[in-house]
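Rule-based calculations on the coordinates, nothing more; no lab input. The structure displayed is predicted, hence computed values, not measured ones. Virtual Cβ from ideal backbone geometry, glycine too; neighbours counted across all protein chains shown.
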Amino acid sequence: MELLFYNTLTRRKEVFQPIHPPRVGVYTCGPTVYNYAHIGNLRTYIFSDILKRVMMYNGFKVKHVMNITDVGHLTGDRDMGEDKLEKGARKEGKSAWEIAEYYTQAFKNDIKRLNILDPTLWCKATDTIDDQIALIRTLEQKGYTYKTKDGVYFDTSKFEGYTKLSHQDLEALQEGARVERNPEKRNFTDFALWKFSPQGARRQMEWPSPWGVGFPGWHIECSAMSMKFLGEMLDIHCGGTDHVDVHHTNEIAQSEAATGKPFFNFWMHGAFLIIAGGKKMAKSEGNFLTLERTISMNGIDPLAFRFAAFQTHYRKPMEYSETALAAAQNGLQHLRNQVRTLADQAQADRIDPGFQEKFKQALNNDLNMPQALAVVQDLLKSDLAVSVKLATVYDMDRVMGLDLDKAAASETLPDDVHALVDARRIAREEKQWALSDELRDKIQAMGYVVQDKPQGMKVFKP
Ligand SMILES: [Zn+2]
């Protein structure tokens, strides 16, 4: 069956063909680890997880690379402003390395709770400085760079097709550009490949280079790492839609300038999460919610957020509200109960090819999750044999990643009790003992016995 993906580069849905089938190379721009990820960021990683799972569901072997930006991402859009990590480190009284390590772990923990599959390979900007320097050298040799007092810059006017991804009108953009500008830059779109450490000051993270001591620009790391780890398999590059205008545009310019070859065939972007009322969630807006806060404030299972993300197509803004989240929690609980009821009656047997086909059709049409979920409900309402329904829904869960098999293995409990049990299981996994005790008391107050056994928690009516 054909796979159709919307390609930002061409602004239309195209049939996806890997360069070296059945292998597919996917690169996702990872987090800048100076703070927790907010749920808007996490929505993007749920999108790339679905993308990857759908390709696996279609029989492709996916090599997925994700980077960790642990150096040099500046607070301004275009190479002005402070390094976010060094700034964060100062604020928290820790070293930049400690900050990076701490938030890297926090990020990995978040994606684990959301059942986002780990990439085949994690890579860190600070582990690939030599590769980045080598790439900048190539650009220098080909005449694409120039030096200013504060760094080595890429001359965007020398790269034809600079706006091919963003389709921006640069003249109009320049008119409206803020005054935050480096007068030595030849074009306002030029960007730093290498920044020098400030005169007379030592940075915590700095390296020698042929041009002087300093640190790499943000964009160069993704070019260097994707080429290093994916080689020729430059199939899909994905990330948040906020990366289109600057970060991905610059990645394409410097990579294609260096190699003379197209850099990634497909560019896919997940839309923002907006707070009901219309504002996008962003660290810079100061309105960001971490996954932890979202879960604890609303008493939900983290997978309810994953399920909530499925309700909106990835290219449309997802509206976040507590009501929408509560609805998702109920929806997920309902689905789990449906599966549990089936599992109580029969063993999973064979997959129904008709429903599998319909499910795949929805997914292969640019990852239409809302439609795929409708197919799941049609399946559960159908008059197929229970054993077939069960096998088919488990198969679909390879893409959804909602742990439906685990739900089936647990005892049938009312929805509200079950939500508390799920929340307590997570609290215990995270060693939040006070919260765990509080949740136990709540479950007991509802008339249930809670026992902690070596194989897990047991909850039942006395
Ligand atoms: Zn990137």
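Take the alpha carbon gyration tensor of the stretch 12-165, find the square roots of its eigenvalues, order them as a ≥ b ≥ c, and report rounded if a/c is under 1.5; if not, report prolate when a/b exceeds b/c, else oblate. Here the stretch 12-165 falls in the oblate category.
Residues with beta-carbon under 15 Å from that of Ala346, excluding Ala346: net charge, scoring Lys, Arg +1 and Asp, Glu -1? Result for the neighbourhood of Ala346: -2. At full extension, Lys112 and Ile275 could sit 56.3 nm farther apart than now, given 0.36 nm per residue minus the alpha carbon distance. For the stretch 120-169 and the stretch 371-398, write down the distance between their C-alpha centroids in whole Å. Answer, in whole Å: 48. Close amide-amide hydrogen proximity is noted between Tyr27 and Val65, Ile236, His237, Cys238, each under 5 Å apart and 5 or more residues distant or on a separate chain (H modeled in the peptide plane; Pro and chain starts excluded). Other residues with beta-carbon under 11 Å from the beta-carbon of Gly212 carry, at +1 per Lys or Arg and -1 per Asp or Glu, a net charge of +1.
Restricting the trypsin sites (Lys or Arg not before Pro) of the stretch 347-423 to loop positions (DSSP other than H, G, I, E, B) with no more than 14 neighbouring Cβ atoms within 10 Å leaves Arg350. FRET efficiency for the Gln204 to Ala282 pair, using the beta carbon distance and R₀ = 25 Å, is estimated at 0.45.
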